[in-house]
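Peer 1: Here's a structure for you.
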Amino acid sequence: MSDGGRRKDGEVLPEARDLGAAALFDSQGHLGQRNRPLPYLPADAKNVFTDQRSKDRSQRLLDSAKKRATSDQAGLPKFEKEADAAATGDKNFAAGRAYLGYGQYDKAVDQLSKALSKGGLKNEADARLTLGIAQLKAGHKDDALKTFKAVKGDPALERLASLWGIHATQASGTAVSQADKPKGAKAKHPQKVARAH
């Protein structure tokens, strides 16, 4: 519903109210485009996932996800060896993203660096941005800043890299130069000019 489930007068449509928790998920069952402020009344919202059937289903999904994550993480060293033997960097990129997701930032940096040095990636800008994030999370802020500045080829990812660069700079306690800010960004606290009397 492009109208957000409301009539022109702002009243919630009955069919929107009846969607329940399904309104949160896309057709594959993932949180997606529908994950935005719900057109429900507070009374409707408090009843989501309160019946035992919903709770049991949610617990089964969580348990299944944890089990898959455990087996996936156990298989990463083998996948890493396959990635290192591959001619292009795509598998290294996948391994790096997986390590990043599991909080193993130094391994993520290693795999993502290998991916970029091998080349042949479907989206080099995405790989470079992901490397910068891994470097930042691993505590290598200077390397991360260089990597964020090197993201090229996709305007949306370039802007995102610029924002990550600002975050990295602010996290390290150094000043943000005007060149590091995205176009159109305004200073939070404009400098006051002292006037001579």
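Read-outs: derived from the displayed coordinates by stated rules, not from any lab. This structure is a prediction, so every number in the text was calculated from the model and none was measured. So basically every Cβ, Gly included, is an ideal-geometry build from the backbone, and we count neighbours across all protein chains shown.
Peer 1: Longer than 23 Å from Cα to Cα, which of Lys78/Lys146; Lys78/Lys118; Lys67/Lys114; Lys81/Lys146 are they? Say none if no pair is.
Peer 2: Lys78/Lys146; Lys67/Lys114; Lys81/Lys146
Peer 1: Can I ask one more? What's the ranking of 50-58, 162-170, 142-150 by average number of surrounding C-beta atoms within 10 Å, highest first?
Peer 2: Values: 50-58: 10.2, 162-170: 17.9, 142-150: 19.4.
Going from most to least packed, we get 142-150, 162-170, 50-58.
Peer 1: Along the Cα→Cβ direction, 7 angstrom out, place labels at Asp106 and Asp72. What is the inter-label distance in nm?
Peer 2: 2.4
Peer 1: Tell me, what ³J(HN,Hα) does each residue in the range 130-144 have, in order and in whole Hz, if you take phi through Karplus 6.51 cos²θ - 1.76 cosθ + 1.60 with θ = phi - 60° and put x for Gly and Pro?
Peer 2: 4, 4, x, 5, 5, 4, 4, 5, 7, x, 9, 5, 5, 5, 4
Peer 1: Fully extended, how many nm does the chain gain between Asp51 and Ala86 (0.36 nm per residue separation, minus their Cα-Cα distance)?
Peer 2: Extra length available between Asp51 and Ala86 comes to 7.7 nm.
Peer 1: Still on this structure: Taking the highest mean first, how do the peptides 79-85, 124-130, 114-120 order by number of other beta carbon atoms within 10 angstrom per residue? Can you show the working numbers first?
Peer 2: Numbers: 79-85: 15.0, 124-130: 21.4, 114-120: 16.9.
Top of the packing list down: 124-130, 114-120, 79-85.
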